[in-house]
Amino acid sequence: MEKPTHIAEQFSAGNRVVQVREFGNGNINDTYLVILEAQTENKFVLQRINTHVFQHPQRIMQNMRVFTEHVHRRVREEGLSWKTPRVMAARDGSDFLIDEENGFWRAISFIQDSQSYDTLKDLNHAREVGYALGMFQKLISDLPIESLADTLEGFHITPRYLQQYDNARLRNGAHDSAEVRYGMKFVEERRAFAHTLEKAGLPLRPIHGDPKVNNVMIHNETGRAISLVDLDTVKPGLVHYDIGDCLRSGCNPLGEDAPDWEAVRFDPELGSAILEGYLTEAAAFLTEKDFAHIFDAIRLIAFELGLRFFTDHLAGDIYFKVKYPGHNLHRALVQFKLTESIEAHEAELQNIIGRLVALEK
Ligand code: GN1
Ligand code: MG
């Protein structure tokens with residue numbers, strides 16, 4: 001921890017750094033929690049941005065400034081109890097630091113008295129996670145998309161991932177493991193479906209991009225969601241990808257790394273609770289056309305993430321961090337199983353969506 005500790009000292013505003021430890025389960029950036037000797041705000045989050053993935057990290061910081069200013073103003077004006085992480089300045093006053101190996105570091109405040117969880121604890125937690133996404137999208141729904149830079153080109157455009165998959169498959173020649181063959185067949189059967197949201201004529205709006213369960217901060221005492229963190233992929237996109245991602249992560253109780261991928265299932269009851277919480281905030285800015293594509297969004301994003309992991313496996317693990325060879329293949333199979341389960345629950349999910357939307361009208 002010598003390096004992160006040394007960097008942390010540059011962001012600690014003169015306070016003594018007591019401890020630096022790895023934090024969270026991010027698949028892209030390196031994340032650390034820094035503990036300070038300080039009266040108030042005795043921790044912050046330090047991150048080294050993966051510049052292989054985010055090739056223009058300054059754009060992330062620029063978006064964070066635009067985003068934070070906008071949300072802070074709305075929260076203040078409307079008297080909401082909602083928190084947004086602040087960017088912390090380095091010693092020289094800038095909001096990032098580049099080390100001697102060209103590593104890009106930035107620090108953000110920790111949302112006090114709260115924590116996040118990798119899986120949903122109960123239906124109440126599910127409603128809070130949905131509410132958090134609805135609140136987040138509502139707060140940025142009036143932010144002009146032109147004011148946000150594209151921090152990651154092609155992110156959540158499913159047909160682009162299909163193209164990358166085709167390239168990786170061609171370059172890699174023959175793969176004859178049964179699991180790879182299952183994956184390839186799975187993708188082939190859903191080729192046309194990959195275009196469904198891009199062809200639907202939905203509007204671009206500001207989105208979060210990664211609203212999975214463990215990015216929602218839950219207040220330790222009240223159990224209420226008070227923040228949605230991980231703002232690197234806030235950019236113009238389709239809100240449907242956010243909705244889908246929230247359910248994809250929330251309704252898979254066995255998790256993204258389920259040891260037995262064949263046992264993975266989508267839990268519609270948790271899905272219903274997430275959507276219920278989401279719509280309390282989001283129904284006001286969504287249209288009939290948006291509602292009509294919610295089911296497709298849930299199915300598509302599980303498929304998309306599976307496709308992304310699968311492609312990365314074929315390409316030699318160049319995008320997502322892996323803990324062992326075959327990790328990305330395993331993750332892909334988990335998402336494909338989840339997709340299959342979502343497909344099997346289509347009628348039930350369409351009913352749930354119809355009922356919840358009707359309630360909000
Ligand atoms: C990545 O690094 P992390 O865990 O915040 C990925 C998301 C995936 C997620 C799956 C920029 O997010 O799109 O949904 O892994 N982020 C990027 O766990 O690709
Ligand atoms: Mg993320």
At 7 Å along Cα-to-Cβ for each site, give me the label-to-label distance between E188 and D113 in nm. 5.7 nm
If you take the square roots of the eigenvalues of the alpha-carbon gyration tensor of the chain and sort them as a ≥ b ≥ c, do you get rounded (a/c under 1.5), prolate (a/b over b/c) or oblate? oblate
³J(HN,Hα) across the stretch 109-118 via Karplus (A = 6.51, B = -1.76, C = 1.60, θ = phi - 60°), whole Hz, x for Gly/Pro? 5, 8, 6, 5, 6, 9, 8, 10, 10, 6
Please give, to one decimal in nm, the separation of the simple spin-label points placed at E153 and E101, each 7 Å out from Cα toward the Cβ. 2.7 nm
In whole Hz, the Karplus estimates of ³J(HN,Hα) for the stretch 86-98 (6.51, -1.76, 1.60; θ = phi - 60°; x where Gly or Pro) are 9, 7, 9, 7, 7, 3, 8, x, 7, 9, 7, 9, 10
Spacing of the two label points (7 Å from each Cα toward its C-beta) at V75 and K43, in nm: 1.8 nm
Mind listing the long-range amide H neighbours of I207? Cut-off is under 5 Å, sequence gap 5 or more, other chains count too, H placed in the peptide plane at 1.01 Å from N. K235, G237
What ³J(HN,Hα) values, in whole Hz, does the Karplus curve 6.51 cos²θ - 1.76 cosθ + 1.60 give for the stretch 156-172 when θ = phi - 60°, with x put for Gly and Pro? 6, 10, 3, x, 5, 5, 5, 4, 5, 4, 4, 5, 5, 5, 5, 5, 9
As an exercise, use a Förster radius of 22 Å and the Cβ-Cβ distance of Y324 and A178 to find the FRET efficiency, rounded to the nearest 0.05. 0.70
Of the listed peptides 98-109, 204-215, what is their order by residue-averaged count of other C-beta atoms within 10 Å, with the highest listed first? 204-215, 98-109
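A short reminder: the numbers here are calculations on the coordinates, not readings from a lab. This one's a predicted model, so the numbers in the text were calculated from it and none came from an experiment. All Cβ positions, glycine included, derive from the backbone under ideal geometry; neighbour counts span all protein chains shown.
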